[in-house]
Amino acid sequence: MVVDDHPMWREGVARDLTEAGFLVVATSGEGRQAIRVAAAARPDVVVLDLQLPDISGVEVVLGLRAALPEVRVLMLSASGEEQSVLDAVKAGATGYLVKSTAPAEFLDAVRRTAAGDPVFTPGLAGLVLGEYRRLAAPGQGPGPAGGAEPGTPRLTDRETEVLRLVAKGMSYKQIAQRLGLSHRTVQNHVQNTLGKLQLHNRVELTRYAIERGLDG
């Protein structure tokens with residue numbers, strides 16, 4: 001699903017996605033309408049402009065995640081203003097790109113978002129990880145680094161190993177190469193971990209790992 005208030009840009013992106021083999025199930029130019037339409041169309045990925053005429057993109061992310069907890073949202077913006085990036089990710093966006101991104105890079109970002117990889121314009125990934133580390137600093141996180149709270153589901157050694165690499169910002173492909181596993185096996189480990197921890201996406205999983213000191 002493509003959400004942007006500029007008709008020519010919205011239609012162009014939808015056309016490029018269709019030509020690249022994606023099924024565009026809906027488009028919208030307003031935030032509230034997008035949330036309603038998404039609830040019916042049930043897209044796997046929403047390409048969402050940060051600036052909309054009625055409500056902010058961050059509010060749309062919150063609405064989309066409430067209606068469709070498994071949806072993955074790729075935010076687009078004319079700029080990579082740091083606070084906007086952090087607000088979007090905290091709301092549940094999977095990735096964030098500036099609109100000047102080359103078409104081939106954009107299409108690759110959509111594919112990676114669909115696979116559950118966090119995708120950010122170069123330079124922004126470090127910003128997001130840095131913010132998560134700040135939140136996980138002493139007095140900020142939910143518990144001692146590396147500690148397990150009572151009732152925390154137990155992960156297998158392999159799941160923990162994969163989780164450590166996720167926390168370092170590595171993609172599924174990079175993790176697969178590092179561990180000598182297939183891409184699908186890595187995906188399965190991540191999905192199993194998400195299920196055990198009752199998390200929704202890799203962004204939340206990354207924060208969970210950093211809060212427990214697994215990114216060192």
Cα gyration tensor of the stretch 82-123 diagonalised, 5x eigenvalues square-rooted, in angstrom largest first, produces semi-axes 17, 13, 7
Ignoring ligands and nucleic acids, residue 105 exposes an accessible area, probe 1.4 Å, in Å² to the nearest 10, of 110 Å²
For residue 46, other-chain or 5+-apart residues with amide H closer than 5 Å (H placed, Pro excluded) are 72, 73, 74
Taking R0 as 25 Å and r as the Cβ-Cβ distance between residue 15 and residue 66, the FRET efficiency 1/(1 + (r/R0)^6), rounded to the nearest 0.05, comes to 0.25
For residue 168, counting only lysines whose alpha-carbon sits under 22 Å away and dropping same-chain residues fewer than eight positions off, the answer is 90, 196
For the stretch 172-187, in residue order, the Karplus 3J(HN,Hα) values (coefficients 6.51, -1.76, 1.60; θ = phi - 60°; whole Hz; Gly and Pro = x) are 4, 4, 5, 5, 4, 5, 5, 9, x, 10, 7, 4, 5, 5, 4, 4
Calc'd 3J(HN,Hα), the stretch 189-195, phi into Karplus 6.51 cos²θ - 1.76 cosθ + 1.60 (θ = phi - 60°), Hz, glycine/Pro = x, comes to 4, 5, 4, 4, 5, 4, x
Of the accessible area of the stretch 10-65, computed with a 1.4 Å probe and all protein chains kept, carbon and sulfur make up a percent value of 48 percent
SASA check, residue 99, accessible area w/ 1.4 Å probe, all protein chains in place, rounded to nearest 10 Å², comes out at 60 Å²
In this structure, the FRET efficiency calculated for residue 24 and residue 160 from their beta-carbon separation, with R0 = 45 Å, to the nearest 0.05, is 0.75
Rounded to whole Å², per residue accessible area for the stretch 1-90 with a 1.4 Å probe reads 49 Å²
With all protein chains in place and a 1.4 Å probe, residue 19 shows an accessible area in Å² (nearest 10) of 140 Å²
Scalar couplings 3J(HN,Hα) for the stretch 42-59 by Karplus 6.51 cos²θ - 1.76 cosθ + 1.60 (θ = phi - 60°), nearest whole Hz, x for Gly and Pro, are 6, x, 7, 10, 10, 8, 10, 6, 5, 9, 10, x, 9, 10, 6, x, 4, 5
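The values are calculated or read from the model by the stated rules, or taken from the named source; none is laboratory data. Quantities reported herein were computed from a predicted structural model and do not represent experimental measurements. Note that we place each Cβ from the backbone using ideal geometry, even for glycine, and neighbour counts take in every protein chain shown. These accessible areas exclude ligands, DNA and RNA; they are computed on the full protein's heavy atoms, side chains included. Shrake-Rupley method; radii C 1.70, N 1.55, O 1.52, S 1.80 Å.
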